[in-house]
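Worksheet: the structure to be examined is printed underneath.
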Amino acid sequence: MLKGIILDKDGVIIDSEPIKLNAYEKAFEKITGIFPDVKLIPAGATEELNMISLLKHYNVSYTKEKVMELMLEKRRLYQEFFHTHKIPLIKGILDFIIKVKKKGLKLGLCTSCNIHTTMLELKKLGIIDYFDEIVSSGDIDDPEHAKPHPRLYKLALKKLNLKPNEVIAIEDSPKGIQAAISAGIKVVGITTAFTKEEISNVDLIIDEFKELNVEKLESLLLTNP
């Protein structure tokens, strides 16, 4: 029986990727003097792993302090932009969230993003009260336990007090999809960032949330044991 939905954030709830990538570019260039190719940043990874990945690619020696400096500057730039611009919701997500809550289902958020930025975004968008539980990168001690590792999803299940067969996850990236699958959760993939071929291992693929309703998710859970 379907009792809950767990959503990823970036690419599922908000269209923040272009702005975040711009913040990565500016922060990395400011601190290292190198303008990076942000295509090297793997979707769904934590800020820490993203920065380390860029530093290694450009052969820049680093310490934990250097990585933290880069992360804080990236957050500052992103939040500065967020305060002065409107970050768009993914088309149809608000209507979908409202329908989910009207059905009495629990709603969780599972993101590799840091909790401060996540709360800022959800509060400004006026949707934070819809979520029963929020799990972020701050809930794991080791960055290697971020997506595609199942740790975040297992923690979300624990916080929601639900079993894997009572939940469906909605993700947009291969890393997030793998994390949910590894936690034993059925997954709906949305093609906001990747092609259908790139996320073909999900249980259902959609292009927009208008294609999805609670009844379809309940059916998906029953027909895919």
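The values are calculated or read from the model by the stated rules, or taken from the named source; none is laboratory data. It should be emphasised that the depicted structure is a prediction, and the values quoted were computed from it without experimental measurement. Virtual Cβ from ideal backbone geometry, glycine too; neighbours counted across all protein chains shown.
One table, with the values for the structure above:
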read-out: Condition check for K30: farther than 30 Å from L94 by Cα and more than 19 Å from the chain's Cα centre (by Cα); value: yes
read-out: Among (1) part of a loop (DSSP other than H, G, I, E, B); (2) at pLDDT 90 or above; (3) within 24 Å of H149 (Cα to Cα); (4) hydrophobic (A, V, I, L, M, F, W, C) - the single one V60 does not satisfy; value: (3)
read-out: Members of the stretch 26-79 found to be buried (at least 18 other Cβ atoms within 10 Å of the Cβ) and at positive phi, listed by number; value: G44
read-out: Sole residue being of a type in the set (S, T, N, Q) and farther than 30 Å from M1 by Cβ, chosen from S136, S53, S112; value: S53
read-out: Every pair of residues 6+ apart whose Cβ atoms lie under 7 Å, when the first sits in the stretch 108-137 and is in contact (Cβ under 8 Å) with a residue 40 or more places away in the chain and assigned by TED's automatic domain parsing to the domain that holds G11 while the second is of a type in the set (D, E) and surrounded by fewer than 22 Cβ atoms within 10 Å (Cβ to Cβ); value: G108/D132; G108/E133
read-out: Yes/no for D132 being farther than 27 Å from T195 by Cα, touching a helix residue (DSSP H, G or I) at 6+ places or on another chain (Cβ under 9 Å) and either among the aromatic types (F, W, Y) or modelled with pLDDT of 95 or more (or both); value: yes
read-out: Checking L21 against (1) within 30 Å of L220 (Cα to Cα); (2) at pLDDT below 95; (3) of a type in the set (A, V, I, L, M); (4) under 15 Å from the mean Cα position of the chain (by Cα), the condition it does not meet; value: (1)
read-out: Residues located in the stretch 40-97, provided they are touching a residue at least 40 places away in the same chain (Cβ under 8 Å) and of a type in the set (G, A, S); value: A43, G44, A45, G92
read-out: All positions within the stretch 81-98 that are outside any helix (DSSP H, G or I) and either out of contact with any Asp or Glu (no Cβ under 9 Å at 6 or more places or on another chain) or loosely packed, with under 13 Cβ neighbours inside 10 Å (or both); value: H85, K86, P88
read-out: Flag if G176 is within 16 Å of the chain's Cα centre (by Cα) and either at pLDDT 95 or above or small (G, A, S) (or both); value: yes
read-out: Some residue of the stretch 80-97 being more than 24 Å from K210 (Cβ to Cβ), hydroxyl-bearing (S, T, Y) and over 19 Å from the mean Cα position of the chain (by Cα); value: yes
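Residue-by-condition table, conditions (1) assigned to a loop (DSSP other than H, G, I, E, B); (2) surrounded by fewer than 19 Cβ atoms within 10 Å (Cβ to Cβ); (3) touching a helix residue (DSSP H, G or I) at 6+ places or on another chain (Cβ under 7 Å):
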position: V100; (1), (2), (3): no, no, yes
position: C113; (1), (2), (3): yes, no, yes
position: A156; (1), (2), (3): no, no, no
position: L162; (1), (2), (3): yes, no, no
position: I177; (1), (2), (3): no, no, no
